[in-house]
Each structure stands twice: as C-alpha cells, then as structure tokens.
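No lab work stands behind these numbers, since they all come straight from the coordinates. All values derive from a computational prediction rather than experimental measurement. Here the Cβ is made from the backbone with ideal geometry for all residues, glycine too, and neighbour counts use every protein chain on show.
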Amino acid sequence: MVNGDTADANTYLALIEGWLEQARVGKSGAGQTANTFDASSYGQDYQEIFKQLLVRIPKRHLRAIRGGLGRFYVAVTLEQKYRDLLATRGTALGDFMLTEAGDLKYQGIKIVAAPSFDNAIISGTPDTSEVLLTNPNNLYAGFHRAMRFETWRDPREGLTSFVITARVDAEIAVVNATAHANLVNVEP
C-alpha cells in the first residue's frame, strides 16, 4: 500500500501503485497534480521541510490538515533523528523529548513514524527518505471481498500454514490534498 510502484524491479512491489508513488506523480487521468518537492537542499532542517510541505497544500484543504486530522508520515529513522534534535534544546521541550515518548508535532500536526517508510530509504551520500503530509482519511486501502483462504498442514514440522489470497489496491482520494517531499536527509 505504501511503497508499491508498478515500475519497480521487485515483482511484489510492482503489483500496485502505492500511496508514495501516487503522491510523487499525481493522477494524470483525473487531472490531479502532485504537490511534491526535492528536499535535498534543506539538509537536516526538518522544521523547514515540514513548513515547505504545509505551504504546498492548497488553502481549501489546509483546514482539514490543521484541524487535527493532518499527519506527517515519516520514516522511523527520521522521527528518531528529529526527536534527538529537539532533545538538544535547553528547554522544557528538550527535556520532554529526552524523558518521555510523547507525540511529536509540528504546528499542531502529528508526526507519525511509519515503518514502511524505512523500506523506502535510499542508501547513498547522504541516505534519503520521503515525507508525506495528508489527512489519513485521504488514504484508501481497498480489499476485494472475494478472498480465498487455504490451509496446509505439515505433520513433520508440527505446523499449519495459512495462505490468504485477495485482490487489493491503494488510492489517494484527492492527490491535491497531499504534499510530498523526497530526498530528505536521514544520514546518521
């Protein structure tokens, strides 16, 4: 759902076009353009990257993002790095980041660590990741109701395996209501 890309060499990821790919390129058939930008020039200034993502959201969708429904989806590595950067402050917020595991926010919008985003980290100099800003209700995961459940018992191993076959798809309902940053520096 997250990292799917029909042009990927991995046959599993090439099955569907995931949310990140849709946020990168938009939906040409529906006339929805992507609000994406290259964050390589910002280094590890994550606050500026978050700010640039907010600027790219059209005003008509901004109320839903700021009204408590928006989320910055980031790699776990980036979330830990941002938490460490905030912890270096000699303030109550810095102490809180050191001692508690509370929610991270930027301008009231939650920053959510998504483990699937770590799979999209591109090794290089520096290692880079992606950030997606959207309302979670804008991300659709569809499952066809005709599912097939099969079991297989291996008596020698004492195991029972379950295979579930289903048709699935991922969609961003309104691509214009998302903002995407690529090449975000997550170098240790």
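In table form, for the structure just shown:
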item: Net charge, Ala7 excluded, C-beta distance under 10 Å - Lys, Arg +1, Asp, Glu -1; result: -4
item: Hz values of 3J(HN,Hα) by residue in the range 126-131 - Karplus curve (6.51, -1.76, 1.60), Gly and Pro given as x; result: x, 5, 10, 9, 10, 10
item: Estimated distance in nm for a label pair at Phe143 and Thr165, the labels positioned 7 Å out from Cα along Cα-to-Cβ; result: 1.7 nm
item: Amide H contacts under 5 Å for Leu104, placed H, 5+ residues apart; result: Ile111
item: Candidate lysines for bridging to Lys105, where Cα separation is under 24 Å - those fewer than 8 sequence places away on the same chain excluded; result: Lys51, Lys59, Lys81
item: Angle between the chain longest axis and helix 46-56 axis [Cα atoms, degrees, rounded to 10]; result: 80 degrees
item: Relative exposure of Phe50, Phe117, Phe149, Phe37, judged by other C-beta atoms within 10 Å (fewest first); result: Phe149, Phe37, Phe50, Phe117
item: Spatial separation of Cα centroids for the range 1-67 and the range 91-146, in angstrom; result: 13 Å
item: Proximal aspartates and glutamates relative to Lys110, as straight alpha-carbon distance under 13 Å, when same-chain residues fewer than 8 apart are discounted; result: Glu79
item: Per-residue [θ]222 nm for the chain (sum of -39500 (n - 2.57) over DSSP H runs n ≥ 4, rounded to 500); result: -7000 deg cm²/dmol
